[in-house]
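Working notes for the structure below.
The values are calculated or read from the model by the stated rules, or taken from the named source; none is laboratory data. Keep in mind that what you see is a predicted model, and the values were worked out from it rather than measured. Neighbour counts run over all protein chains shown; Cβ positions are idealised from the backbone, glycine included.
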Amino acid sequence: MKNLILFLILTMFCNAVNAQWEIVSNGQYPSLKAIDFPTESIGYACGDNFVLKTLDGGDSWEYIETNYNFSSIAFVSSDIGYASGPNKTICKTIDGGFTWSKLNVPNLGEEVIDFKEISFKDEQNGFMAAGTYIVIPDFWIMYAVGYILKTSNGGLNWSVKNVYYEMNAINIVKNSNVVFAAGGTFAPIGF
């Protein structure tokens with residue numbers, strides 16, 4: 001009898017935990033690449049030449065067309081946000097994603113620079129994970145070197161730290177000075 005009661009309690013607990021997730025259709029936007037919620041109700045998602053904005057916790061989304069292919073997005077308030085992407089793209093918005101200004105990119109050479117992920121602690125202090133890669137047509141792609149970029153003036157200037165591997169992810173622990181970065185390298189061979 002004890003086992004049956006324990007089983008029923010665990011089943012109810014598991015159902016309650018599972019009930020917290022709800023699938024929300026992304027409609028006609030199949031290439032969502034990143035999402036960020038600066039508040040409980042205001043959120044942003046990005047993809048190929050667009051940003052989606054919600055004011056109701058994700059129940060509905062407004063489509064905002066951009067001239068940029070963003071792969072990462074980070075908002076420090078409901079209106080101020082940063083986004084990064086391939087081809088040395090770093091942008092900032094101060095009006096909730098409706099307009100984006102391209103920020104200066106540090107000189108990292110002529111290689112193809114892919115800004116993977118951006119993370120901001122506040123409006124002034126942020127980090128970005130990046131990598132350079134070499135493309136040999138019809139053969140393969142190889143990441144050559146990675147970078148961690150840091151700004152302390154809202155993206156006007158960036159300091160650069162070379163690392164041995166392409167950086168894929170970076171995150172600032174809230175209310176701290178701790179930053180985590182992750183990366184790796186690969187060389188898939190095409191036929």
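The residues listed here are 116, 121, 161; of these, the one that is at pLDDT below 90, more than 16 Å from the chain's Cα centre (by Cα) and either of a type in the set (Lys, Arg) or at positive phi (or both) is 161. Reported count of residues in the range 94-103, each being surrounded by fewer than 17 Cβ atoms within 10 Å (Cβ to Cβ) and either aliphatic (A, V, I, L, M) or modelled with pLDDT under 90 (or both), is 1.
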